[in-house]
Amino acid sequence: MATKVKKSYRFALRTAIFITLTLTILLVLFMWSLDHVDWLLLLLFPFCVFGVSMAIIQIRIEKFIYKRIKKIYDDVSLLEKSSFAKAPVTTDMKTLTQEIERFAQGKKIEIDTLRIREEYRKDFLGNVSHELKTPLFTVQGYIETLLDGAMDDEKIRKKYLNRASKGVERLIYIVKDLDLITKLETGDMNLERTDFDIVELVESVFELLEMKASKKNITLAFDLEYTDPIMVNGDRDKIQQVISNLLVNSIKYGHENGTTEVSVENLIKNKVIVRVTDNGEGIPENHLPRVFERFYRVDQSGNREVGGSGLGLSIVKHIIEAHDEKIYVESVSEVGSEFSFTLEKAENTENSAL
């Protein structure tokens with residue numbers, strides 16, 4: 001704690017002037033009552049009174065207020081190691097008030113942030129518990145049924161073991177996704193950046209998801225015919241996961257006989273934007289700010305019929321941000337959704353398709 005005192009003479013100055021004027025007026029009235037005016041005394045008296053008053057008032061203020069204010073500084077300094085603790089003690093009440101208000105405002109923001117994080121932590125733990133509990137109880141139920149005698153029936157044994165295996169696969173899927181997000185958040189996931197053709201990558205994802213889309217008769221297509229490659233720079237495998245997750249979501253929440261369209265457009269000189277647009281269920285506006293949160297589902301009823309780990313969009317966001325790029329979402333309920341993200345163009349490559 002610094003002991004240097006930042007003095008404010010404003011209060012002492014005003015008070016000394018007030019005392020000087022008061023005493024000078026009284027002296028003039030006294031002399032006038034005696035019919036004798038000493039002009040030399042009247043000239044020297046105000047200066048003497050002002051100097052003495054100023055000195056006494058300032059010294060008394062420093063001694064009286066300093067100890068109390070210093071205690072405030074010391075108490076506040078215990079709360080955190082900040083520049084506030086290193087600041088000189090001031091007896092200027094206006095300055096002190098400003099410093100305390102600034103400190104209080106900073107603490108309020110910090111407390112609000114901690115409260116939000118705490119609510120997020122509780123929500124996250126609840127979601128993790130729910131997501132893991134469902135397949136765990138499913139597997140446990142099938143195994144206990146088999147142990148209770150159902151395993152003697154070959155048909156039931158095979159069916160229940162297959163269902164238990166799917167439950168285990170879901171657990172593994174959730175754990176892998178959690179591990180991936182953790183690595184992305186902590187920076188442990190190293191991106192292997194290369195130049196690749198984004199059009200060819202989207203086409204390969206279309207092929208991988210063709211059967212899944214055909215079950216709902218959903219068409220996966222480009223917005224137009226791209227005859228030339230569009231070269232971008234990034235981690236090809238991670239970007240493939242981004243596109244795959246977005247397309248899988250569009251299929252899950254798409255209407256029967258719907259369409260999911262991908263477009264690649266110029267954004268700025270060295271950027272392209274990839275858009276994934278569908279005509280599915282859409283997302284209500286009040287849910288849009290939270291769609292990239294872990295385990296957040298627009299359907300709050302707890303229905304898990306669509307499957308998945310609930311981490312797909314969160315993974316997408318972290319991968320794109322790991323590339324120092326941006327991701328956006330626009331959606332209208334019962335009309336459709338559009339997820340878009342930016343990518344850097346490959347250097348020294350002409351993207352003739354654009």
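The values are calculated or read from the model by the stated rules, or taken from the named source; none is laboratory data. These numbers come from a predicted model, not from an experiment. When we count neighbours, we look across all protein chains shown, and the Cβ atoms used for this are built from the backbone with ideal geometry, even at glycine.
Listed values, structure above:
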{"quantity": "Any pair with Cβ under 6 angstrom, 6 or more apart, that starts in region 171-200 at a residue that is crowded, with 18+ Cβ neighbours inside 10 Å and ends at one that is at pLDDT below 80 and among the aliphatic types (A, V, I, L, M)", "calculated": "Asp177/Leu311"}
{"quantity": "Check on Ser263, in a strand (DSSP E or B), within 28 Å of Glu334 (Cα to Cα) and not assigned by TED's automatic domain parsing to the domain that holds Phe137", "calculated": "yes"}
{"quantity": "Cross-chain or 6+ apart pairs with Cβ under 9 Å, region 251-268 first and in contact (Cβ under 8 Å) with a residue 24 or more places away in the chain, then surrounded by 15 or more Cβ atoms within 10 Å (Cβ to Cβ) and aromatic (Phe, Trp, Tyr)", "calculated": "Val262/Phe206; Val264/Tyr226"}
{"quantity": "Yes/no for Val168 being modelled with pLDDT of 90 or more and outside any loop (DSSP other than H, G, I, E, B)", "calculated": "no"}
{"quantity": "Met93 vs. criteria of a type in the set (A, V, I, L, M, F, W, C) and modelled with pLDDT of 80 or more", "calculated": "no"}
{"quantity": "Residue, nearest to Phe11 (Cα to Cα), within region 96-112, restricted to residues that are at pLDDT 65 or above, surrounded by 12 or more Cβ atoms within 10 Å (Cβ to Cβ) and of a type outside the set (Asp, Glu)", "calculated": "Gln98"}
{"quantity": "Conditions (1) exposed (fewer than 14 other Cβ atoms within 10 Å of the Cβ); (2) modelled with pLDDT under 80; (3) within 20 Å of the chain's Cα centre (by Cα): number failed by Arg115", "calculated": "(2)"}
{"quantity": "Selection count where residues are in a helix (DSSP H, G or I), touching a strand residue (DSSP E or B) at 6+ places or on another chain (Cβ under 9 Å) and surrounded by fewer than 23 Cβ atoms within 10 Å (Cβ to Cβ), scope region 244-255", "calculated": "2"}
{"quantity": "Elements of type strands (runs of 3 or more DSSP E) in region 190-242, at least 1 residues being more than 13 Å from Val274 (Cα to Cα) and aliphatic (A, V, I, L, M)", "calculated": "219-222"}
{"quantity": "Number of positions in region 324-350 that are surrounded by fewer than 18 Cβ atoms within 10 Å (Cβ to Cβ), in a strand (DSSP E or B) and modelled with pLDDT under 90", "calculated": "1"}
